[in-house]
1. Give the range 45-60 a look and list any residue that's more than 57 Å from the chain's Cα centre (by Cα) and either farther than 18 Å from S85 by Cβ or modelled with pLDDT of 95 or more (or both), or say none.
2. Does the range 87-100 include one or more residues that are assigned to a loop (DSSP other than H, G, I, E, B) and under 53 Å from the mean Cα position of the chain (by Cα)?
3. Given the structure, is N56 over 23 Å from E5 (Cα atoms) and either surrounded by 19 or more Cβ atoms within 10 Å (Cβ to Cβ) or polar (S, T, N, Q) (or both)?
4. Restricting to the range 59-78, and then to whatever is farther than 30 Å from E132 by Cβ and charged (D, E, K, R), can you tell me which residue is surrounded by the most Cβ atoms within 10 Å (Cβ to Cβ)?
5. How many of the residues in the range 110-124 are closer than 24 Å to N38 by Cβ and buried (at least 19 other Cβ atoms within 10 Å of the Cβ)?
6. Against the condition basic (K, R), in contact with a Phe, Trp or Tyr (Cβ under 7 Å, 6 or more places away or on another chain) and not in a loop (DSSP other than H, G, I, E, B), how does R109 come out, does it pass?
7. Please verify whether V17 is within 53 Å of the chain's Cα centre (by Cα) and under 21 Å from P129 (Cβ atoms), treating the condition exactly as stated.
8. For the range 40-53, which residues satisfy the criterion of being surrounded by 14 or more Cβ atoms within 10 Å (Cβ to Cβ), in a helix (DSSP H, G or I) and either touching a Leu at 6+ places or on another chain (Cβ under 7 Å) or of a type outside the set (A, V, I, L, M) (or both)?
Amino acid sequence: MLTKEQKRQQSEELRGVLTEVNTLFLMDNTGLKVNEVNQLRSQVRQSEATYKVVKNSVVKLALEGTELEGLTPFLVGPKALAYTSGDAVALAKVLREFIKQHPALSFQRAYLEGQILEGVEAEKIADMPSKEELLTKLVYLLQSPIRRLAVALNTPAQNLASVLGQVAEKKEQGDEGTEQAAVEVTGEEPAEDTAEATAEATEDETAEAAADESAEVTSEETADVAAETTGDETAETATEETTDVDAENAGDDSNKESKDS
């Protein structure tokens, strides 16, 4: 039997541990064997949690004045504590799996993030996704919009390339069909005739354009020569007329002088 001093020391140690936890399961233990308890401790430890069997009187002293004090009324009969400062869901899953094979253990109450839960509610914590599962889902949700955006950006380009390919293919098929139809109707290959006709038409147009240009140049040159000739003749005529007038004036002056004499 523990002395009061021993109970005080153990309760203080337990209080120091429980102040750092976010989840505590109060378990009913109606007859687990020592080897079964050791097995459960090992499994709980793997989930980074602790399974501990402590006298109710020590637990009551440890819970006084803390948020977990609401569990005190249920500290009746053989009890065990399972607590963690990490993943509450992982611990709950370990306990429920062990209970399936060892019905002597059961959920009594639970403390979760400041709330006191009944045994049924405490067991339902095991149905929640674990921290690893939540992180996996979170990563998927974060990546999903990026993946959808990439698909949305790539899809139009792929569709456009496909449509252009189909159009090009249909155009080639249409050209081949037209060419084949021309061969069937005329009995000749249309490509060479078309090329020859195009070449002849081009030559005719070139010759005609050269002739028009030559005619324009000739007309302009003729007009310039005519203008120059007309100008020269006009100047020559004017000179001759001036000379005749001067001669007549000179004759008149001579006659007048003779009369005066």
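1. K55, N56, S57, V58, K60
2. Yes, the conditions are met somewhere in the range 87-100.
3. no
4. K60
5. 2
6. Yes: the conditions hold for R109.
7. The answer is no for V17.
8. Correct list: R41, Q43, V44.
The values are calculated or read from the model by the stated rules, or taken from the named source; none is laboratory data. Being a predicted model, the structure only gives us computed values, none of them experimental. Heads up, the Cβs are rebuilt from the backbone with ideal geometry, glycines too, and the neighbour counts pull from every protein chain shown.
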